[in-house]
1. Is segment 37-91 best put as rounded, prolate or oblate by its Cα gyration tensor, with a ≥ b ≥ c the root eigenvalues, rounded for a/c under 1.5, and otherwise prolate when a/b is larger than b/c, oblate when not?
2. I'd like the distance between the alpha-carbon centres of segment 253-267 and segment 162-215, rounded to an integer number of Å.
3. If I compute solvent accessible area with a 1.4 Å probe over the protein chains, what percent of it on the chain is carbon and sulfur?
4. Averaging sequence separations of C-alpha pairs under 8 Å and six or more residues apart, then dividing by the length of the chain, give the relative contact order as a whole percent.
5. If Rh is defined by the Kirkwood formula over all Cα pairs and Rg also comes from Cα, what ratio Rg/Rh do you get for the chain?
6. Can you flag which of 117/440; 361/440; 331/440; 360/460; 286/360; 331/360 are past 20 Å Cα-Cα?
7. For segment 78-128, report the translational diffusion coefficient in µm²/s to the nearest whole number, using Stokes-Einstein at 4 °C, 1.567 mPa s, and a Kirkwood Rh over Cα pairs.
8. Measuring from centroid to centroid over Cα atoms, what is the spacing of segment 294-308 and segment 134-153 in Å?
Amino acid sequence: MSDSVTTSASAYAQPGEPERGVPGTELLLEGADGSGVVRRTLLPGGIRVVTESMPLVRSVSLGVWVGVGSRDESVELAGASHYLEHLLFKGTPRRSALDISAAIEAVGGDINAFTTKEYTCYYARVLDADLPLAADVLTDVVSSALLRAEDVESEREVILEEIAMTEDDPGDLVHEEFSLAMWGDTPLGRPIAGSVESVRGLTRDQIAEHYRRHYVGPNLVVAAAGNLEHEQVVELVRQGFERAARDSSHISLDATLAARTSRAEQDAVNPTPLILEPAVRLLGKKTEQAHLVLGTPGVRRLDDRRWALGVLAAVLGGGMSSRLFQEVREKRGLAYSVYSFATQFTDSGAFGVYAGCQPKKLREVLSLCRAEIERAAAEGISEQELALGIGQLRGGTVLGLEDTGSRMSRIGKSELVYGQHLSVDSVLDRIGSVTLDEVKNVATDLLATSPAAAVVGPYKNVEDFA
């Protein structure tokens with residue numbers, strides 16, 4: 001591949017219209033000087049290919065996004081999506097497990113995967129000249145996993161070790177407990193990796209059926225960002241899946257199959273709000289530090305209030321100048337780590353505060369966190385804090401998109417779960433337009449409710465934290 005891409009944006013259609021001379025391709029976002037141009041092509045079988053050009057870099061990040069996560073599992077299948085993520089790297093008819101990793105590492109690249117509650121992603125980052133290799137490996141891995149019985153058994157032990165590792169890290173464990181406190185024993189509340197019991201109970205046939213059901217063309221988005229040409233990426237992906245189809249992959253390239261709508265679009269057509277009943281959970285463990293997450297229901301992924309909630313989260317616990325950092329750490333020295341966060345899903349969300357401190361100080365920390373949440377609900381924030389929160393979000397948005405991996409993730413998630421592509425400038429404009437009233441309203445709506453809480457530490461009585 002050449003060192004730069006010189007395609008002129010003016011040679012293409014306007015955003016939202018088909019491009020001339022590129023059948024099936026749509027220009028989604030138009031950038032200046034050839035950068036930031038986002039295009040999408042729908043392949044036979046419903047597979048979507050989305051790319052963003054970054055001509056001034058020498059790398060490409062490529063990801064295959066699958067619309068399945070832990071919330072798509074029954075109690076019996078809890079952990080199956082994460083289990084499958086591990087197994088896809090164990091081998092295909094064309095490559096052994098060693099071949100898969102060695103092929104990418106031999107050219108200095110990275111290959112990995114992750115599973116969330118609503119999607120799974122397999123990705124690689126390589127030099128631009130090695131994009132054909134990355135596309136060949138990833139399409140092979142996603143479409144042609146062997147899922148051998150012996151691999152299922154060996155990887156079972158690896159996953160159980162991963163669960164044990166989380167059990168030994170109270171900072172991670174408290175967030176899993178918070179999910180259970182917020183959403184209960186539902187797919188959204190349960191751990192992504194499943195439980196020891198569910199992982200031990202999963203069979204090879206169950207996992208294979210999960211693979212065949214969810215890893216299908218309409219549920220796949222291939223996203224790429226970097227020094228690339230859209231047409232080349234489309235052709236490489238097409239070739240990869242066509243080769244797999246010839247080798248008896250279950251992924252069909254039937255031209256009559258259409259891409260699935262995003263989770264957010266499905267919810268917009270038939271909204272089914274998740275009813276939350278926040279609780280308080282205590283996991284008694286002998287630890288040197290107590291861990292707390294306190295939170296309330298948040299907003300859905302496409303709720304327009306998410307911009308104001310982001311500003312509120314920044315003001316409450318987004319940095320060293322935030323209210324919580326100043327009150328808990330700077331003024332009183334009660335904790336080393338304290339921060340706030342906002343999480344959105346298709347039909348639900350959460351706003352939370354985390355703190356880690358010495359066990360004897362937890363009740364005071366809990367009281368301070370509750371007081372700040374209640375103050376925000378009653379009073380909102382000041383003009384100065386609004387400017388600080390907006391500035392922090394705007395800066396974080398831009399700085400977080402300085403590499404090909406973050407750009408690839410942005411367009412992959414936009415296509416798969418959001419169903420819309422917003423330019424960086426549009427996002428910055430919306431953040432910049434957040435008003436005091438918007439922040440006050442979202443604080444009143446969300447933070448005035450009864451909070452859920454999760455505590456991990458050397459305690460016995462859950463009532464002490466209710």
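1. Working: a/c = 2.82, a/b = 1.96, b/c = 1.44.
Judged from the Cα gyration tensor, segment 37-91 comes out prolate (a/c at least 1.5, a/b above b/c).
2. 26
3. Details: 10070 of 19930 Å².
The value for the chain is 51 percent carbon and sulfur by accessible area.
4. Numbers: 964 pairs, mean separation 93.4, N = 466.
Answer for the chain is 20 percent.
5. 0.98
6. Values: 117/440 30 Å; 361/440 30 Å; 331/440 26 Å; 360/460 13 Å; 286/360 13 Å; 331/360 18 Å.
Going by Cα-Cα distance, 117/440; 361/440; 331/440 fall outside the 20 Å limit.
7. Numbers: Rh = 11.9 Å.
Taking Rh from Cα pairs, D becomes 109 µm²/s.
8. A separation of 37 Å, based on Cα centres.
The values are calculated or read from the model by the stated rules, or taken from the named source; none is laboratory data. Just so we're clear, the structure is a prediction, and the values are computed from it rather than from any experiment. Quick reminder, even Gly has a Cβ in these numbers, built from the backbone with ideal geometry, and neighbours come from all protein chains shown. These area figures cover heavy atoms from the full protein model, side chains too; ligands, DNA and RNA do not enter into them. Shrake-Rupley method; radii C 1.70, N 1.55, O 1.52, S 1.80 Å.
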